[in-house]
Each structure stands twice: as structure tokens, then as C-alpha cells.
Amino acid sequence: MSSKDEKEGNGPPPPAYAGGAEDHADGAIRSDNFMTRNGLNLESFKLRDYGKGIVELDRSMKPRHLHMIAIGGSIGAGFFVGSGSALRTGGPGFLLIDFIIIGVMMFNVIYALGELAVMYPVSGGFYTYATRFIDPAWGFAIGWNYVAQWAVVVPLELTVCAISISYWNAEISAAVWITIFWVFIIGVNIFGTLGYAEEEFWSSLIKLSATVIFIIISFILGFCSVFVTAAFAFSGTELVGLAAAESSNPSKSLPSAIKQVFWRITLFYILGLLFVGLLIPYNDDHLLNASSDDVAASPFVLVGQYAGLYGFNHFMNVVILVSVISISVSGVYGGSRTLTALAQQGYAPKIFTYVDKSGRPLFSVIAILLFGALAYVDLASSGEVVFSWLQALSGLAALFTWGSICLAHVRFRHAWKYHGHTLDEIPFKAVGGVWGSYLGMFLVFLVLLAQFYVAISPIGKRVGDAEGFFNTYLALPVVLVFWIFGLIWKRQGWLKTSAIDVDTGRREHDWDEINAYRRELAAMPAWKRLSKILF
């Protein structure tokens, strides 16, 4: 089925590639008992029979879950709140440029990830792709860096939850709200993959609805001063690729989910932040001395306040709270699945390979949840200093993941050609091809270079100090330490193209359906073919 003479045609991804029943036969064996399957009894905590799919977890995620994770999963406080401090710091012109750069970067990163994930939908996707196509030591570094990134995010977001509640009541101790939301996150994770998927579906629906409401209100207000947009937090966008391994049929549902990224970038972010720039001046008094987690400084809250819309500020604070909880749940999901993948490859203690009968990587989930206790450090007098270093650890970490995804895609394409395969044998192809991934890597390097300059010479200062440098650029030495440790441990470096295995673990697809779909596309007008690629 994989021979070249059986593949024909070109074009965008077809609507379905693989048979779900066959996939399930090779994967982990799910319990027939409802309570066990959903983690609601003691039996569910026992070790699951993996079947053949040792690297695969649960497959209970539906297409609607993947679509919502793709289009709204990473919308959080960075968009609703952080856009205000970014607008104040960067000014309108450079915010627009930065947004375009990050948007183009992520467009190529996600499509490269989509191509790899359809071919090899395995648990811990980013880490395994780096190990398989780049360098096992670098894969080790990226995997542990990703785990650390999300482990740190959990306590950070729990603290922001407490700050959000203090908008209404500042008298109750933050420890109370940290505890309540920590328990809630633990509760969501009891339901495993389905708990994460359902939480993300409904929270994304709330976040997207709020953005649409904001856009409509802003349009009606009709203010017009200066065109501007803002930088926003993209971390978590790549989770759609990680979630692919736990969907019932990733080859069918992932391509359409990947294309939702286009809608998110163009519709929600551009329009939402465009109206922010139209309605809120960059030198607004409320934005002065505001931090990225100050709800009162959210431009989305300020728009309603200035328009005299009673209650709109409270509505947006609820949305911000939902967004922060969503990112916390995503942190546990992303960190635990990557930790399990590391353990399955021998890069982490074997205990983290444990997957129970409800499909939860139990000890990995517990390990990431335990980091939530760091949120209580914020209550101490030195808490602010500790948290600034935690933020520094997670700040640039995502860039190394995104760059590695693009590099893994480039090396996959080279190895694919080297081993005698053609592009027609790739069911879902990245829109920009290998050149899109080269562009993505260049933009990642550009952002890292810009941040390096800011670390050496902070805005408003000629030269910074050592503490300020590492507070801005801590992620780089951390990932380098992981890489050196992985190199010493595994004693295996950069993979030669001839040594890259492109066949093991590759999923087979329904090529009759694929080729029929491609012939149908070839007969369409050019504009319609383009719309199929993007939408």
C-alpha cells in the first residue's frame, strides 16, 4: 500500500484517511465498564493492558474537541490581559509588526506539526519528532524543557486565578482561592483525556464567544483613532498536535483542526486586538505601571468601562478566570503526556510509564499537579522574586519547541526523499512545504535574537545586569543544560539522513479515498482549491 505506483494526484488533505476500528485494535485496550473507563472507581487506577500501542494513550477525544483546542485552546490571560501591558510597552507600530511575525511563524509551525502528526500520531509528539528526526539528545532536552515549561505554568496560573477573584473581593486570602482552583484542576484530571477535552471544549467556546461579543460591541461603538494590534501569548497552540495521539481517528480529525488555526489568527486575534487598538490609546492611564496579570488593566475590561456598559467588566473578568483555569488544565495535560513519552523512551524514570485503566498517565499527572503547590510561595514576602524566576523559566521555552517542530519537519522531508518516497505519499502536507518550515525557524531565531538584545540592553537602560539578563533569557541555559545532560546520558548526537527511520510507526491510510478526493480537487477552479487548503 505504501509503494509509489499506488499513490497519485496532489492537493489538500482529504476528509478521511484511516479506519478507526483498525486503529483501536492496535492501541490500548479500553475497559467496557463506564465507571472504570472514566476514572470514577478504584479499579480505574490499576495498570491498563496496553495491547500493542505502548506509546499510545487513550483515544476518547472527538473531532469537536480537537477543533476547539486548535481554535481557542491557547487563548488566555496573555490575550485578554497581557495585550494591555504589551500595547503600553511596545507602542502601536511595533506591536503590529510583532504580531505579524508571530502569526506567520505559528501558521507554519502548526502546519508542519500537522503533517508529522498525521503520519506519526504518537504520545509526546514534539519530543518524539525531535528524537526521531534531529538528535536524541536534543529530543531529550526539548522533552524535559516542555515538561518544565508546563509544570511552572500550573502554579503561575493558579496565582492569576486568585488575582482575578481579588477583582471582586480582596479581603479573602489568596490561599483560599488557590486551594479551590487547585482542587478543581485535580477533579478535571480524574476524568483523564475526556476531562481535559470537555473542559477545553467548553472553556474555548466561552472564550471565543466573549471575543465575538467584544468585536460586535467595539464595532457598534465605532471609535476610530489609530490602527494597532498587540502581541499575545501563543504558548499552547501546539497542544492540538499532542492531543492528536488521543483522538479516535487523528488522520481524519487533525487536518481540519489544524486549519482552524488560520481562523483563530485572522478572525479572533486580528479583529479583537485591532479594536483594542482603535478604542484604547497606548498611553492610557490605566495601562501605566500595570502588570500582565492585572485584570483591571485589561483593555477588554476598559472598553466596556469607557462605553458605560454596566457589568461588562465583570463579564470579562469571568472570561479571564475561565481562560486562566483552561491554561492550567492544559499545563497538566501537556506536561504529563510529554513526561510519559520521555519515560517510555527511557529518558525519565520508568514509574512515569504507568497508564491506568481509564487512560490516565497517573504518576505523570500527579507529578505535574504537585507543582501547583508552588502557588502558595506567592504568599511569602519573597514570593514575587521566586515567581519572577518561574516566569523567566517558562517565558521563551515555547520558542525552542516551535523551532524544533520546524526543524523536525525539514529533516523528515529530506529523509523521506532519501529513502525513495514522494510527496504524493504524504496524505496531509504543510501549506508552505519545507520552505514554510525554514521560514518558521528563521522567525524563531529572529525572536530569540530580539529577546537577547533586550536581555543585554533592557528598554530604558543602556546596559542591564546579570540578574536582569537571566531573568529574561533563563530558558536558553536551561535547555542547553538539558541537551548536554542528554548527550552525556545517551551518547548519541545529530542523526545522519540515512539513519532516520521514516517507516516504523507510520500509520496506513485509505488511499483509494485519498486519490478519489484529490482527483475531485484537481477538477475544481483554482480559487476553490485554495479555499479547501485554508478552510
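Show me 353-359, 156-162, 515-521, 270-276 ranked by packing, highest mean number of other Cβ atoms within 10 Å first.
156-162, 353-359, 270-276, 515-521
Indicate the gyration tensor shape class of segment 413-489 (rounded, prolate or oblate), computed on the Cα atoms with a ≥ b ≥ c the square roots of the eigenvalues: a/c under 1.5 is rounded; otherwise a/b larger than b/c is prolate and the rest oblate.
Oblate, because a/c is 1.5 or more while a/b does not exceed b/c.
Run the 1.4 Å probe and let me know the accessible area of residue 377, rounded to the nearest 10 Å².
40
Under a plain spin-label model, where a point goes 7 Å from the Cα along Cα-to-Cβ, how far apart in nm are residue 314 and residue 419?
Placing both labels 7 Å along Cα→Cβ, they lie 6.0 nm apart.
With a 1.4 Å probe and every protein chain left in place, work out the accessible area per residue of segment 347-431 in Å², rounded to a whole number.
On a per-residue basis, 38 Å².
Where Lys and Arg each count +1 and Asp and Glu each count -1, what net charge lies around residue 141 among other residues with Cβ under 15 Å from its Cβ?
+2
Among 309-321, 128-140, what's the highest-first ranking by average C-beta atoms within 10 angstrom per residue?
128-140, 309-321
So between residue 43 and residue 453, what do we pick up on full extension, going 0.36 nm a residue minus the alpha carbon distance?
142.2 nm is the gain from fully extending residue 43 to residue 453.
Could you tell me what percent of the accessible area of segment 115-221 is made up of carbon and sulfur, with a 1.4 Å probe and every protein chain present?
With neighbouring chains kept in place, the figure for segment 115-221 is 80 percent.
At 1.4 Å probe size, with the rest of the protein present, what percent of the exposed accessible area of segment 468-529 is carbon and sulfur atoms?
62
Between residue 523 and residue 380, how high is the FRET efficiency from 1/(1 + (r/R0)^6) when r is the Cβ-Cβ distance and R₀ = 56 Å? Nearest 0.05.
0.25
Can you pick out the pairs among 350/429; 350/496; 429/528 whose Cα atoms lie more than 27 Å from each other?
350/429; 350/496
Rounded to the nearest 0.05, what FRET efficiency do residue 435 and residue 391 have when you use their Cβ-Cβ distance and R0 = 35 Å?
0.55
What is the distance in Å between the Cα centres of segment 150-175 and segment 334-348?
29
Nearest 0.05, what FRET efficiency do residue 306 and residue 270 give at R0 = 30 Å with Cβ-Cβ as r?
0.85
If you roll a 1.4 angstrom probe over the protein chains with everything in place, what fraction of the accessible area of segment 382-434 belongs to carbon and sulfur, to the nearest %?
Taking all protein chains in place, segment 382-434 shows 62 percent carbon and sulfur surface.
According to the square roots a ≥ b ≥ c of the eigenvalues of the Cα gyration tensor, what is the shape class of segment 316-471, taking rounded for a/c under 1.5, prolate for a/b larger than b/c otherwise, and oblate for the remainder?
It comes out oblate by the Cα gyration axes.
Under the rule a/c < 1.5 gives rounded, and otherwise a/b versus b/c splits prolate from oblate, where does segment 344-409 land using the Cα gyration tensor?
oblate
Expressed in nm to one decimal, what extension gain is obtained for the pair residue 467 and residue 168 from 0.36 nm per residue of sequence separation less their Cα-Cα distance?
Between residue 467 and residue 168, full extension yields 104.1 nm more.
The values are calculated or read from the model by the stated rules, or taken from the named source; none is laboratory data. Computed from a predicted structure; not experimentally measured. Virtual Cβ from ideal backbone geometry, glycine too; neighbours counted across all protein chains shown. Ligands, DNA and RNA are excluded from the accessible area calculation, which covers all protein heavy atoms including side chains. Shrake-Rupley method; radii C 1.70, N 1.55, O 1.52, S 1.80 Å.
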